[in-house]
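Note sheet for the following structure.
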Amino acid sequence: MWEVVKADVTMKSTLYILDAEDQLLSMKLGENEDPKTHLTEIKLHFQTMLQCRNNLMKMGSSLSDNRFNTIIMSSLPESYRPTLQTITAAERASILTGGQSAKMKHDDLIAFLIEEAQHRMINDEHMKNAEIALAAHVKRTATDELAKGRDLINWRTQIMMSLVEIAKNQDMWKPTVMQRAEEKKVKHHSRKGSLKRQRQ
């Protein structure tokens, strides 16, 4: 009887472990365009994974650290692939150069990935500040160019007004010259007429 009960408990424990491992394997972190929100989500994601792993260990699971690291890496979105490639390349290089063959502990891996998320948030803030500064510069430059354009229009308008004024003055001056020429002709004819009368 005891053997039957013991076997039943063992069977249930194995099923619980399998269910918990399936739950751990199904945990996936989605992409998020907002780095600040992503940082909060990834921290919560790792916290949940650690809690699930601790429950597995209490059940008697033999989940190794290397296996848990693999599960962590596979739970990340596609944007983390370059980071994961860097980690695996560093581990491979360490082995080839005679370094420690042991892989990174899961605590160190999680800390490294959270730091990566923090760098993404900082870089995003720098990019936003740079975009704001560029937009302000463009706006200021456009305002200066607009002011220069207005000054040029005013300058051209002043020139046109001056030319019009000059033209008006020339038009006023032309009749005066013609009048003087007519006066000279009249004086010349009158002088000729007086000379003829004196000769007669």
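No lab work stands behind these numbers, since they all come straight from the coordinates. Since this is a predicted model, take the numbers as computed values, not measurements. For neighbour counting, all protein chains shown are included, and Cβ atoms are generated from backbone atoms with ideal geometry for every residue, glycine included.
Model label sites at residue 47 and residue 89, defined 7 Å from Cα along the beta-carbon direction, differ in position by 3.4 nm.
Please give the length that would be gained between residue 78 and residue 118 if that part of the chain were fully extended, namely 0.36 nm times their separation in residues minus their C-alpha to C-alpha distance (nm, one decimal).
On the way: separation 40, 0.36 × 40 = 14.40 nm, distance 1.72 nm.
Residue separation times 0.36 nm, minus the Cα-Cα distance, leaves 12.7 nm.
Computed extension length for residue 105-residue 150: 9.5 nm, one decimal, from 0.36 nm per residue of separation with the Cα-Cα distance subtracted. Compared with the alpha-carbon gap, the fully stretched path from residue 70 to residue 33 is longer by 10.9 nm at 0.36 nm per residue. Of 36/139; 28/105; 58/105; 36/103; 36/58; 43/105, which ones are farther than 25 Å apart at the Cα? With Cα atoms farther than 25 Å apart: 36/139; 36/103; 36/58. For the pair residue 96/residue 129, report the inter-label distance in nm, with labels modelled 7 Å from Cα in the Cβ direction. A separation of 3.9 nm, rounded to one decimal place.
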